[in-house]
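A short worksheet on the structure shown next.
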Amino acid sequence: MWSTALCVHATMFPTAFLLLSLVTVVTSSYLNDFDKPFLFQCPRRKSIASWESYHSNYHEDRRYKFTCQKTPGLVGKCQWHGYVNQFDKPISFQCPHNGVISGVNSYHHNYYEDRRFKFFCCSLRGRHLVRCGKTGYVNTWDERFTFRMAAAHFLKGVFSIHHNYHEDRRWKFETCLIQ
């Protein structure tokens, strides 16, 4: 019934529908401007469900967007881990203690044209991560990407390399099922 009312409303009032569409775009905007820091943390009992990013050759930086998903057993201890990379160096991070990634924090440095990253991990209670697997690289240099967890999968690890010529990062992810 709601969708029927919305369709009639959109047909009868195209300006209102356009405004509704703009509101949707605003609420799903990227977290950071180029060269600026960002901090993202999922609400309690949720973990990262998707990770999106696009690159600007002018700024030599990326913008980031995340979504969250309910996570079974995610009532354990949560904590931020210190920066996991130096500028221009690889990232190889996995949440310890049967944990999943529920937040990301990053800042950019114009001299290095790179970012450092921190991750917020929450451990599972009464459940275990099983059948974990890593993706290949989800992007090439300077390429936009959208990575979504497969059904019933949760983000345990993040891996990345930086290239000074492209001043960009390529990304891999590790996901697991929860049992």
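The values are calculated or read from the model by the stated rules, or taken from the named source; none is laboratory data. Just so it is clear, the structure is predicted and the values come from calculations on it, not from any experiment. So basically every Cβ, Gly included, is an ideal-geometry build from the backbone, and we count neighbours across all protein chains shown.
Scanning segment 41-62 for residues that are touching a strand residue (DSSP E or B) at 6+ places or on another chain (Cβ under 6 Å) and among the charged types (D, E, K, R) yields a total of 4. Candidates are the residues of segment 123-147 that are among the hydroxyl-bearing types (Ser, Thr, Tyr) and either under 18 Å from Gln69 (Cβ atoms) or in contact with a Phe, Trp or Tyr (Cβ under 8 Å, 6 or more places away or on another chain) (or both); the one that is surrounded by the most Cβ atoms within 10 Å (Cβ to Cβ) is Ser123. Against the conditions (1) within 21 Å of Arg169 (Cβ to Cβ); (2) in contact (Cβ under 8 Å) with a residue 24 or more places away in the chain, Val100 satisfies every one except (1). Filtering Ser29, Ser21, Ser92, Ser56 for residues that are closer than 24 Å to His109 by Cα, out of contact with any Lys or Arg (no Cβ under 7 Å at 6 or more places or on another chain), among the polar types (S, T, N, Q) and modelled with pLDDT under 95 leaves a single hit, Ser29.
Within segment 148-179, restricting attention to residues that are aromatic (Phe, Trp, Tyr) and surrounded by 20 or more Cβ atoms within 10 Å (Cβ to Cβ), the residue that is nearest to Ser92 (Cα to Cα) is Phe173.
Screening segment 103-179 for strands (runs of 3 or more DSSP E) wholly inside it with 2 or more residues that are touching a residue at least 12 places away in the same chain (Cβ under 8 Å) and touching a Cys at 6+ places or on another chain (Cβ under 8 Å) returns the ranges 114-123, 129-134, 153-163, 168-178.
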